[in-house]
Amino acid sequence: MSPKRILFVCTGNSCRSVMAEGLLKQLLARAGIEAVQVESAGVFAIDGMGATRETQRVLQDIGVDCAGHRARVLTAEMVRAADLVLVMEPFQAEEVIRREPPAAGKVHLLRPFGRSPGEVEGPPGIPDPIGKPLEVYEVCFAEIREAVEHVAKSLGVHTG
């Protein structure tokens with residue numbers, strides 16, 4: 001069964017989860033897949049905060065407009081409603097499970113999700129680019145893009 005609701009989670013919901021959400025929505029739209037709902041939230045987000053300028057910039061470069069994005073604090077309800085919760089770092093997985101323990105089976109790190117051990121080099125997490133220069137965001141986005149394209153393929157999307 002493929003997930004119908006995917007929730008990307010990072011810390012502030014202003015950088016990484018926004019990038020992942022924007023990219024997956026774009027890939028699904030291009031493939032004509034409307035049955036999958038994609039959302040994002042942050043474990044320590046400030047409700048209503050916009051995406052960072054750098055996040056808007058890297059997404060604009062691929063034709064995704066996230067100027068209207070507003071950060072949301074992760075709630076147990078969001079976790080319950082999702083079929084798949086993809087986080088950026090191990091501590092976020094712990095925080096999601098702390099808030100909604102029965103969800104443990106559907107919470108996964110984004111980078112290694114659906115891959116065999118050894119397929120992902122380096123640490124499994126994607127570090128937070130907040131407060132760093134644009135170049136750091138570009139590296140972060142490249143890591144997210146590779147992982148999200150892998151997720152999209154698992155949903156039946158052909159990515160290039």
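Odds and ends about this structure:
- In the range 128-147, the condition of being more than 18 Å from L59 (Cα to Cα) and either of a type in the set (F, W, Y) or touching a Lys or Arg at 6+ places or on another chain (Cβ under 8 Å) (or both) is met by no residue.
- Test for R145: is it of a type in the set (D, E, K, R) and surrounded by fewer than 16 Cβ atoms within 10 Å (Cβ to Cβ): no
- Of the candidates G122, G32, the single residue that is under 19 Å from C140 (Cα atoms), modelled with pLDDT under 95 and either surrounded by fewer than 13 Cβ atoms within 10 Å (Cβ to Cβ) or more than 17 Å from the chain's Cα centre (by Cα) (or both) is G122.
- Residue within the range 16-28 that is crowded, with 18+ Cβ neighbours inside 10 Å and not in a helix (DSSP H, G or I) present: no
- Any pair with Cβ under 8 angstrom, 6 or more apart, that starts in the range 28-49 at a residue that is more than 16 Å from R5 (Cα to Cα) and ends at one that is assigned to a loop (DSSP other than H, G, I, E, B) and among the charged types (D, E, K, R): G42/R72; A45/R72; D47/R70; D47/R72; G48/R70; M49/R70
- Qualifying residue in the range 73-86 (condition: β-branched (V, I, T), touching a Pro at 6+ places or on another chain (Cβ under 7 Å) and over 19 Å from L28 (Cβ atoms)): no
- Residue match in the range 92-109 (condition: acidic (D, E) and more than 27 Å from R53 (Cα to Cα)): yes
- Looking only at residues of the range 148-160 that are among the small types (G, A, S) and not in a helix (DSSP H, G or I), we find that the one that is surrounded by the fewest Cβ atoms within 10 Å (Cβ to Cβ) is G160.
- Cβ-Cβ under 7 Å pairs, at least 6 apart or on other chains, the range 8-20 side on the phi > 0 side of the Ramachandran plot, far side among the hydrophobic types (A, V, I, L, M, F, W, C) and part of a loop (DSSP other than H, G, I, E, B): N13/A45; N13/A71
- Among the candidates A76, A103, A81, residue that is loosely packed, with under 15 Cβ neighbours inside 10 Å, more than 15 Å from the chain's Cα centre (by Cα), among the hydrophobic types (A, V, I, L, M, F, W, C) and within 16 Å of I6 (Cβ to Cβ): A81
- All of V64, V43 fail the test of being over 16 Å from I144 (Cα atoms), touching a helix residue (DSSP H, G or I) at 6+ places or on another chain (Cβ under 7 Å) and either among the aliphatic types (A, V, I, L, M) or surrounded by 23 or more Cβ atoms within 10 Å (Cβ to Cβ) (or both), apart from V43.
The values are calculated or read from the model by the stated rules, or taken from the named source; none is laboratory data. These figures come from a predicted structure and were not determined experimentally. Virtual Cβ from ideal backbone geometry, glycine too; neighbours counted across all protein chains shown.
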